[in-house]
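The values are calculated or read from the model by the stated rules, or taken from the named source; none is laboratory data. Since the structure is predicted, the reported quantities are computational estimates derived from the model, not experimental observations. Cβ sites come from the backbone with ideal geometry, for glycine too, and all protein chains shown count toward neighbours.
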Amino acid sequence: MPYPERLLVAGERVARHVRPHWRMLVLPAVLPIVVAFLGAWLVALTRSTPWSITVLVAVLVVGIGLVGWFSVAPVMRWRSTHFVVTDRRILVREGVFSRSGVAVVGASITSVRTTRTFSDRMLGCGTLVVAVDDTREPWQFDGIGRVDRVASEVERMAQRRGGLRPDRWGAWRDGDVEDAEDADWSEDDEDEDWDDADWDSEDDDERDSLADVPAPRPRRRLPFTRRRALTAGR
């Protein structure tokens, strides 16, 4: 199932399109064999008993439910999950009946890195971590095959779109630091010229003015909703 071109903007080109790693399909592939073996063993064990028909029906119902929930549904989710890197952004689309999507613009990406456990290295997959300048929590995409190549593609795209520039979201420049230090020294020199009487009078006025100011309301902490993992990593 290719990525729908109608979801791309005019002139946008797909650079890399991947699905979650094949490790997501291991359990769905093995489970039907195990269910069939256990079901046949139970049916053969109770063949000569009066409740053999009941056992047969129960085995069929339970077997179909297990295979449908743990085999068919994961395969459908795997086929409907897309991780796409275009020449402008990262697109993630997942879901069978109710679909959800994520779009990370290349100009907003500040850093790209990968994490791989020992089992991930053995299977050839990993986690892609993408930091964005408008959030404190990075995006995490688990279960990406050949994650190093995907990370390189994301870095190239972000550089072309003006991303990966930490100086534009809060880095200090040398001139700013020197100006700030000069300003601090000049303020300190002026403060030394004040006498004790001025300090006392100003402190009293400050306390009187602050007494009339109501206490600030506590700031509400919103949950971070920017961290996201593909189904293969769960």
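Scanning segment 134-156 for residues that are surrounded by 15 or more Cβ atoms within 10 Å (Cβ to Cβ), within 14 Å of the chain's Cα centre (by Cα) and not hydrophobic (A, V, I, L, M, F, W, C) yields a total of 4. The listed residues are Thr117, Thr127, and the only one of them that is at pLDDT 90 or above, touching a helix residue (DSSP H, G or I) at 6+ places or on another chain (Cβ under 8 Å) and of a type in the set (Ser, Thr, Tyr) turns out to be Thr127.
Of everything in segment 13-36, what is assigned to a helix (DSSP H, G or I), of a type in the set (Val, Ile, Thr) and surrounded by 15 or more Cβ atoms within 10 Å (Cβ to Cβ)? Give them in sequence order.
Start the filter on segment 13-36 by keeping residues that are assigned to a helix (DSSP H, G or I), which leaves 22-36.
If we keep only those that are of a type in the set (Val, Ile, Thr) too, we end up with 26, 30, 33-35.
Passing the criteria: only Val35.
Scanning segment 105-125 for residues that are surrounded by 11 or more Cβ atoms within 10 Å (Cβ to Cβ) and within 27 Å of Val75 (Cβ to Cβ) turns up Thr114, Thr115, Arg116, Thr117, Asp120, Leu123, Gly124, Cys125. Screening segment 37-85 for residues that are in a loop (DSSP other than H, G, I, E, B) and under 45 Å from the mean Cα position of the chain (by Cα) and picking the one that is farthest from Glu155 (Cα to Cα) gives Ser80.
Residue check: is Thr135 in a loop (DSSP other than H, G, I, E, B), among the polar types (S, T, N, Q) and farther than 16 Å from Pro20 by Cβ?
For Thr135, the condition - in a loop (DSSP other than H, G, I, E, B), among the polar types (S, T, N, Q) and farther than 16 Å from Pro20 by Cβ - is met.
Kindly evaluate Arg99 against the criterion of being surrounded by fewer than 15 Cβ atoms within 10 Å (Cβ to Cβ) and free of Cβ contacts under 8 Å to residues at least 40 places away in the same chain. In short, yes.
Scanning segment 78-93 for residues that are of a type in the set (Asp, Glu) and buried (at least 19 other Cβ atoms within 10 Å of the Cβ) yields a count of 0.
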